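The values are calculated or read from the model by the stated rules, or taken from the named source; none is laboratory data. These figures come from a predicted structure and were not determined experimentally. Here Cβ is always computed from backbone atoms with ideal geometry, including for glycine, and neighbour counts include all displayed protein chains.
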């Protein structure tokens, strides 16, 4: 009897010792979908078509963008801020990108907090991601953006994505994806704008990968003739097509 009691007490001690020493993993809020690692970079292949309504012609552009998370600074609200330096190489039919030098394109900034990632693009602030990141999560991506005065290629309009709700929304989460020969085990997709009728069509979305950040950006913003009876993408008279696809990434 004494031996049985002793064994019981030993087992009880071991059980509570294990409970005390065990480490509970923190919840995964999706923060590594935008790592914010200083000196990391992503190179993108960019394709763009501009349909000029007034001139009645079409302009095509092809180039590369390298976005570098350069330094950590403090903004005017005393918040930690990532300085994003963007460089560009214009496409040439005779000179490969590898033989070109990068030229400065622009400087953006980003703020990553416990609840969101905000990026200031061309002096306009967008809430790109919301935390915790999870499928069907909705937020106001343009709360700090003046969508009225923006040019079309940057005008994000929150659209109805559920009955009674407007906003950016996660439409995929933690899904594998291969883009431009780069395989990513976990990615998410942010639908920013989707809609259209007989006179226009808009489809804006971005895709992010864990440990990397933005890997794909897609913009379609078209204007159609008002005399068409049905939506017809073959009759675009104005607007923009723009894609930015990850080419390579790493740390400087």
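Can you confirm whether region 228-243 contains a residue that is at pLDDT 95 or above and within 21 Å of residue 119 (Cβ to Cβ)?
Yes.
Right, residue 211: within 18 Å of the chain's Cα centre (by Cα), surrounded by fewer than 21 Cβ atoms within 10 Å (Cβ to Cβ), modelled with pLDDT of 90 or more and outside any strand (DSSP E or B) or not?
Judged against the criteria, residue 211 is a match.
In region 42-53, is there at least one residue being free of Cβ contacts under 8 Å to residues at least 40 places away in the same chain, within 30 Å of residue 186 (Cβ to Cβ), touching a strand residue (DSSP E or B) at 6+ places or on another chain (Cβ under 9 Å) and surrounded by 12 or more Cβ atoms within 10 Å (Cβ to Cβ)?
No, region 42-53 has no match at all.
How about region 110-182: which strands (runs of 3 or more DSSP E) wholly inside it have at least 3 residues that are at pLDDT below 90?
160-162
Looking only at region 54-74, count every residue that is over 30 Å from residue 239 (Cβ atoms) and surrounded by 12 or more Cβ atoms within 10 Å (Cβ to Cβ) and tell me the total.
Qualifying residue count for the region: 4.
For the condition loosely packed, with under 13 Cβ neighbours inside 10 Å, at pLDDT 95 or above and outside any helix (DSSP H, G or I), what is the one hit in 94, 81?
Result: 94 is the single residue among 94, 81 that is loosely packed, with under 13 Cβ neighbours inside 10 Å, at pLDDT 95 or above and outside any helix (DSSP H, G or I).
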